Amino acid sequence: MAYEGLSESYSALMDAAKEAMSRAYVPYSNFRVGAALLDDAGHIHLGCNIENAAYSPTNCAERTALFSAIAGGKRPGQFKAIAVIGDTEGPIAPCGVCRQVLVELCAPDMPVIMGNLSGLWTISTVSGILPGAFTPASLENRER
Ligand code: THU
């Protein structure tokens, strides 16, 4: 898939996200999402959404990629970019919970590349998709 105007490395990341999308476990929504997280060693951690009969235990693709990377030994801040893809009309929009988790584990200026199956894409940053976020630093600035 060609992502017109997107750099070669981010296009490759989007292709990896698409591969992860095919592994989604989505018996309830039938809505597949894939994510690919690039780390500071050049490795790519994949994530897909994994649903549950009780619905709320469902894990989004973005969090699957982040949690898998952390479980695999990466630490917060060691991530370079994340690509996310879904079968949406325009580029997929990560949910609020995933935005909050991105804020926790990634640098504010880390690129977030969002795309769809037609090759549409947009790029922002972790802080760009969750302005005014409650962050780990917020806990340090208590009045008492
Ligand atoms: N979902 C993701 O995995 N990532 C997103 O960015 C949006 C939503 C999943 C959760 C659920 O399995 C399905 O998409 C429908 O909400």
Check: What are the pairs, 6+ residues apart or on separate chains, where a residue within segment 45-56 that is among the charged types (D, E, K, R) has its Cβ under 8 Å from a residue that is in a loop (DSSP other than H, G, I, E, B) and more than 9 Å from the ligand (Cβ to nearest atom)?
Finding: 51/27
Next item on the list: For segment 100-144, name all the residues that are charged (D, E, K, R) and out of contact with any Ser or Thr (no Cβ under 9 Å at 6 or more places or on another chain).
Entry: 140, 142, 143, 144
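Just to be sure, is residue 65 under 22 Å from residue 19 (Cα atoms) and either more than 11 Å from the chain's Cα centre (by Cα) or in contact (Cβ under 8 Å) with a residue 24 or more places away in the chain (or both)?
Details: under 22 Å from residue 19 (Cα atoms): yes; either more than 11 Å from the chain's Cα centre (by Cα) or in contact (Cβ under 8 Å) with a residue 24 or more places away in the chain (or both): yes.
Against the criterion (under 22 Å from residue 19 (Cα atoms) and either more than 11 Å from the chain's Cα centre (by Cα) or in contact (Cβ under 8 Å) with a residue 24 or more places away in the chain (or both)), residue 65 qualifies.
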Next item on the list: Tell me which of these residue 115 doesn't satisfy, since it passes every other one: (1) more than 13 Å from the ligand (Cβ to nearest atom); (2) in contact (Cβ under 8 Å) with a residue 40 or more places away in the chain; (3) closer than 20 Å to residue 3 by Cβ.
Entry: (1)
Next item on the list: Check residue 70 against each of (1) away from the ligand (no atom under 11 Å from the Cβ); (2) in a loop (DSSP other than H, G, I, E, B); (3) out of contact with any strand residue (DSSP E or B) (no Cβ under 8 Å at 6 or more places or on another chain) and name the one condition it does not meet.
Entry: (2)
Margin query: Just to be sure I understand the filter: pairs with C-beta atoms under 6 Å, separated by 6 or more residues or on different chains, first member in segment 127-144 and within 23 Å of residue 95 (Cβ to Cβ), second member at pLDDT 95 or above and of a type outside the set (Phe, Trp, Tyr). Which pairs pass?
Written below: 127/108; 129/99; 129/112; 130/99; 130/103; 133/103; 135/103
Next item on the list: Report, ordered by the first and then the second residue, all pairs with beta carbons closer than 8 Å, sequence separation of six or more or different chains, a first member in segment 22-36 that is assigned to a loop (DSSP other than H, G, I, E, B), and a second member that is among the small types (Gly, Ala, Ser) and more than 8 Å from the ligand (Cβ to nearest atom).
Entry: 22/34; 23/34; 24/34; 28/53; 32/22
Checklist line | Whichever residue in segment 21-41 is under 12 Å from the mean Cα position of the chain (by Cα) and more than 10 Å from the ligand (Cβ to nearest atom) and, among such residues, is farthest from residue 63 (Cα to Cα) | finding: 38
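The values are calculated or read from the model by the stated rules, or taken from the named source; none is laboratory data. All values reported here derive from a predicted model rather than from experimental measurement. Virtual Cβ from ideal backbone geometry, glycine too; neighbours counted across all protein chains shown.
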